[in-house]
Amino acid sequence: MDDIRTLEARAREEGTPLIDGDTATFVWRGPRPVFLQGDFQDWRGTPLPLERVGRGLWARSLALPEDAYVEYALQDARGRRVRDVLNPRRSDNGFGDFNHCFWMPKGGATPLGRRARGVTRGRVTRHQVETHEYAVGRKRAVALYAPPARGPVPLMVVLDGDDYLRRVRLPTLVDNLIAAGRMRPVAMAFVSNGGPARTTEYACSEATVRLLHQRVLPLAREHLSLVDERRAPGAHAVLGASLGGLMALYAAQRLPRVFGRVLSQSGAFSIEGTDLVVFDLARRTGQPPLHVWMDCGRFEGLQDGNQRLLPALHAAGHRVTYRPYSGGHNYPAWQTSLPAGLEEIFSPAG
């Protein structure tokens, strides 16, 4: 009984889950059990029931990497989400709801997401481009970032641009890295996705390649001081996550003399057992070499596709870095992982 009282007292004092080394213990007070689902299952399969440890008290312990970032949800017996009142930490799940979240003891959010004292702010301006036949709708929103430095500079096209602006705070992150001398100055074009048409636009779409090349790049040239890729082939980069990570690599494979650099976060290169065309393109030889940086969460089913694509890219002569992280498929994890990729792809010495 004393152990049970201690468990509940700790949960109320420290919040849940309780962290002891590599063990996270979820605690729930209520007349009926709740069920647990989260990153540690890649949000698949049967939710895990909390077990009764006392009258009206339920708990479940999981072993997790000590540097992990974890998002989770509690559900009742009907599958309806219920709030974990002992954990106020929440993260937007991108589907109109939120997940509870926490860091294990050796992990932590990157401090680069907050502007450091004295760091000069880059300029962000809002624009629209005519989509022509390349995308749904007549116009597409594009935000342009000019770094706090004189040009000409490379351009990084950012897919799912609204999320990288709002959730990753990428302009602040880049401002901090530039000020610290950890990456060279770059300009950025944040391209909004097509909403319900996002899957169609990002699943290795030639139309999206044309949108970037024929609409976004001219807009960026008009408003920013950019390196001329005709004189410096492959100077520019594409960044994306999930299907955006797939599209980033595909755009570079199709236009390697324009986009010679790729940052792919949790790239969806293989979906439901089907390898997408980036595998075939990766096996081609004699192509201009790309500089590719990939990350993926250790909890993700997408990790297999990333790991299998890696040797194919290496064998074709591309320069590739693969960086797994302890986490799942979400923007807080991507924000924390991304600085390592920016430092490599845009190394001050490069």
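Quick look at the numbers
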item	result
Where the Cα pairs of the chain fall when distances are cut into 10 Å bins, in %	5, 24, 30, 22, 12, 6, 1, 0
Efficiency of FRET from Cβ geometry, ALA63 and ARG83, R₀ 30 Å, rounded to 0.05	0.75
Under 11 Å, Cβ to Cβ, from GLN128 - net charge with Lys/Arg +1 and Asp/Glu -1	+4
Residues whose placed amide H lies under 5 Å from that of GLY267, excluding near-sequence neighbours	SER242, ASP295
Dmax and Rg, reported as Rg then Dmax, of the range 215-350 (C-alpha, Å)	14.6, 43
Pair ARG166, THR23: separation of 7 Å Cα→Cβ label points (nm)	4.0
Accessible area in square angstrom per residue, the range 1-158, 1.4 angstrom probe	58
Rounded if a/c under 1.5, otherwise prolate or oblate - the range 256-296, Cα gyration tensor axes	oblate
Accessible surface of the range 248-293, 1.4 Å probe, proportion on carbon and sulfur as whole %	47
Distance between the range 48-66 and the range 9-45 - C-alpha centres, whole angstrom	6
For the range 102-243, the spread of Cα positions along each principal axis, largest first, Å	46, 40, 26
Loop-exposed GluC sites (Glu not before Pro) per DSSP, neighbour cap 15 Cβ within 10 angstrom, longest uninterrupted part of the chain	134-271
Charge dipole (debye, nearest 20) of the chain; +1 at Cβ of Lys and Arg, -1 at Cβ of Asp and Glu	1040
Directionally averaged shadow of the range 219-298, computed from the convex hull of its alpha-carbon atoms, nm²	6.2
Under the Karplus curve 6.51 cos²θ - 1.76 cosθ + 1.60, θ = phi - 60°, whole-Hz ³J(HN,Hα) for the range 213-218, x wherever Gly or Pro sits	6, 9, 10, 6, 5, x
Accessible area in square angstrom per residue, the range 209-350, 1.4 angstrom probe	37
Over the range 8-90 - Rg/Rh using Cα atoms and the Kirkwood inverse-distance radius	0.93
Mean projected area (nm²) of the alpha-carbon convex hull when the range 48-90 is viewed from all directions	4.0
Cα-based Rg of the range 281-344 normalised by 2.2 N^0.38 Å, two decimals	1.18
For VAL157, residues with placed amide H under 5 Å, excluding near neighbours	ALA189, ALA237, VAL238, LEU239
Estimated vicinal HN-Hα couplings, Hz - the range 294-300 in sequence order (Karplus 6.51, -1.76, 1.60; Gly, Pro = x)	10, 10, 6, x, 5, 8, 8
Helix-only CD estimate at 222 nm, as mean residue ellipticity for the chain, using -39500 (n - 2.57) per DSSP H run (n ≥ 4)	-7500 deg cm²/dmol
Potential lengthening between ASP275 and ARG121 on full extension [0.36 nm per residue; Cα-Cα distance subtracted]	51.3 nm
Accessible surface of the range 16-136, 1.4 Å probe, proportion on carbon and sulfur as whole %	48
Rh by Kirkwood over Cα pairs, then Stokes-Einstein D for the range 69-171 at 0.890 mPa s and 25 °C, µm²/s	140
From phi via Karplus (6.51, -1.76, 1.60), per-residue ³J(HN,Hα) for the range 45-56 in Hz, x at Gly/Pro	x, 6, x, 8, x, 6, 9, 6, 10, x, 5, x
Kirkwood Rh in Å, taken over all unlike Cα pairs in the range 1-144	18.2
Cα-based Rg of the range 212-258 normalised by 2.2 N^0.38 Å, two decimals	1.17
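The values are calculated or read from the model by the stated rules, or taken from the named source; none is laboratory data. The structure presented is a predicted model; accordingly, all values stated were derived computationally and were not measured. Glycine also receives a Cβ, built like all others from the backbone with ideal geometry; neighbour counts cover every protein chain displayed. Only protein heavy atoms, including side chains, enter the accessible area calculation; ligands, DNA and RNA are left aside. Shrake-Rupley method; radii C 1.70, N 1.55, O 1.52, S 1.80 Å.
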